[in-house]
Amino acid sequence: MSPSTLEGQTLGKYRLLEALGRGGMAQVYRGYHPQLDRYVAVKVLRADLVEQGEFLERFRREAHAVSGLRHANIVQVFDFDAQDDLYFMVMELLEGDTLRARQNEYRARGERMPLDEAVRVTRDALAGLEYAHSEGVIHRDLKPANIMLTKKGQAVLTDFGIAQIVGATQVTVSGALMGTLSYMAPEQGLKGIADARSDIYSLGIVLYEMLTGYTPFDADTPLAILMKHLNDPLPLPGKLDPSLPAALEQVVLKALSKDPADRYQSAAEMSAALDDLAGMLPAEARPPAPRQLVYSGEARRRLTGDGMLDADTDRDLRPGAASRQVPAPRTGPGPVRPISAATAVFAALGFFMLCNMLAVMQLTLLGNNVFVRGWPFEVLLASAFFGLLAWGAASTGLLIPALIVLGNGLLLGYTAATGRWQDWAFLWMLEPLIVFAAIYFPIRLNKQPDRAAYWSRTGGALLAAVSVLLAAAVFIRALFF
């Protein structure tokens, strides 16, 4: 049997009625248990994701943990079973829609979600996470499509542990769950490691999107999204919407720290931070949200002709097709004219080869051996290489080797040009200062996410220019003096 032909079939004790939706890992049906006269939601896992043998044991182990969860903010799971090659879970049928659909309704009207609603949804989700984490269960795939909003306004988490049941590493490496990667913690996407703090990061992305209308990191490929989570500074929510309270922005920034040790260490800690905001959040209308290209639910049915996407996270989608958004407006001061990392590498290697060719030509044609007293120009060219990389990649981390190599290039250039190697008796004391400054200033810049990219590009360009000029000075000094 195939999930696309299961309507009218019976799985275990449940008769499958109409299909309710399809995601990247499963097809969901409205089901009916005739003995209990109860309607349920039946989620049938995709057969092509199932690895026989190992999968069945993992399925049973994780299913047992998930089915033991009993909390008002977690969907109740009634049953897990397998029939033929189909693995399915049976859950309570909730009346309502997903947070994803709710957000898209606001987008369709050109509005933003009210702050009090965004905080209420987040607190409900944190309550569910706090209980699940206390039971040793990690969600691993938290996103708006996995948060149901009931007609009573309550947020309920769904699909607990499903990413682990299917195999989180397999899903991540395949690069197919584009929407999931947009909400995935850096350590989870890079190493497949997830704990309570990974769920907090994912919920932080959800809160960020509710507040701004955007997920902070978007790209055309899974690897590019992952690298942005790992390396790119977070676009400040307050820059996208200046009406946001600064205290609420600080909650988002802490939840989205790239290092798990810098985040809230528990759902209870983050919930307490939101409790402190009580009475500070205006409920009036907020500025219009920027137009996006993703809609679902009733909002999608009201819109036509915009190339909308049905699926939330579908492994069959082309790379870059899912959860594509209009790029967020640029914030903060603009960097110097950007170059790509590849351009930076080729420029650095080209200049390195040119300088060495000139030195060899001088030696061959004129007998001037620049390398005897001017060899430190090679060190300064290495500094220019790192500076160009920092410019192209907008990475504060690359400023560290650029500064260290530049400092040593200056010292070596001086001693080689003057022949005063005895001065190293006191020059060595500058080495710790060079290393300290090279590490301290980039780290300080990295704590200012709204300016880190600007100063990485500007600083990298300046370091590259200074290094090239000093290399030329050392080269000329060795050539003519």
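The values are calculated or read from the model by the stated rules, or taken from the named source; none is laboratory data. Please read these numbers as outputs of a predicted model, since none were measured by experiment. As a convention, Cβ positions derive from the backbone with ideal geometry for all residues, glycine included, and neighbour counts pool all protein chains shown. Surface accessibility is based on the protein's heavy atoms, side chains included, excluding ligands, DNA and RNA. Shrake-Rupley method; radii C 1.70, N 1.55, O 1.52, S 1.80 Å.
I need the peptides 430-443, 103-116 ranked by packing, meaning the mean over residues of other C-beta atoms within 10 angstrom, with the highest value on top.
Numbers: 430-443: 14.2, 103-116: 18.8.
Peptide ranking by packing, descending: 103-116, 430-443.
Given a 1.4 Å probe, how much area per residue of the stretch 55-144 is accessible, in Å²?
Values: 3480 Å² over 90 residues.
Ligands and nucleic acids excluded, the result is 39 Å² per residue.
Under the rule of at least 5 residues apart or a separate chain, name every residue whose amide H is placed under 5 Å from the amide H of residue 185.
202
For residue 31, what residues show an amide H to amide H distance below 5 Å, using hydrogens built from the backbone and excluding near sequence neighbours?
17, 40, 41, 42
Taking amide hydrogens as modeled 1.01 Å from N in the peptide plane, which residues meet the under 5 Å criterion relative to residue 11, leaving out close sequence neighbours?
Under 5 Å from the amide H of residue 11: 16.
Could you give me the ³J(HN,Hα) list for the stretch 183-199, computed from phi with Karplus coefficients 6.51, -1.76, 1.60 and θ = phi - 60°, whole Hz, x at Gly and Pro?
After applying 6.51 cos²θ - 1.76 cosθ + 1.60, I find 10, 8, 5, x, 5, 6, x, 7, 10, x, 9, 9, 9, 4, 5, 5, 5 Hz.
Return the lysines within reach of residue 143: Cα separation strictly under 27 angstrom, same-chain partners fewer than 8 residues apart disregarded; answer none if there are no such residues.
Cα-Cα hits under 27 Å: 43, 151, 152, 191, 228, 239, 254, 258, 447.
Assuming 0.36 nm per residue, please report the length gained on full extension of the stretch residue 93 to residue 64 beyond their Cα-Cα distance. Walk me through the intermediate numbers first.
Working: separation 29, 0.36 × 29 = 10.44 nm, distance 1.97 nm.
Additional length available on full extension: 8.5 nm.
From the phi angles alone, apply the Karplus equation (6.51, -1.76, 1.60; θ = phi - 60°) to the stretch 10-17 and give each ³J(HN,Hα) in whole Hz, x where the residue is Gly or Pro.
10, 10, x, 9, 10, 8, 8, 9
Suppose accessible area is computed on protein heavy atoms with a 1.4 Å probe; arrange 152, 143 from highest to lowest. Don't jump to the answer; show the numbers that get you there.
Working: 152 195, 143 10 Å².
Largest accessible area first, the list is 152, 143.
So how much slack lies between residue 476 and residue 358, counting 0.36 nm per residue of separation and subtracting their Cα-Cα distance, in nm?
Details: separation 118, 0.36 × 118 = 42.48 nm, distance 1.11 nm.
Using 0.36 nm per residue and subtracting the Cα-Cα distance, I get 41.4 nm.
Give the Rg (one decimal place) followed by the Dmax (whole number) of the stretch 80-135, computed from C-alpha coordinates and expressed in Å.
For the stretch 80-135, the Cα-based Rg and Dmax read 16.5, 48 Å.
Could you work out the local net charge near residue 276, counting Lys and Arg as +1, Asp and Glu as -1, over the other residues with Cβ closer than 14 Å to its Cβ? If you can, show how the numbers build up before the last one.
On the way: positive: 123, 254; negative: 249, 269, 275.
That works out to -1.
Rounded, prolate or oblate for the stretch 372-442? Axes are the square roots of the Cα gyration tensor eigenvalues, ordered a ≥ b ≥ c, and the cut-off for rounded is a/c under 1.5. Provide the component values of the computation, followed by the final result.
Numbers: a/c = 5.35, a/b = 1.56, b/c = 3.44.
Note, shape of the stretch 372-442 comes out oblate.
Whole-Hz Karplus ³J(HN,Hα) for the stretch 250-258, in order, using 6.51 cos²θ - 1.76 cosθ + 1.60 and θ = phi - 60°, x for Gly and Pro?
Result, rounded to whole Hz: 5, 4, 5, 4, 5, 5, 9, 4, 5.
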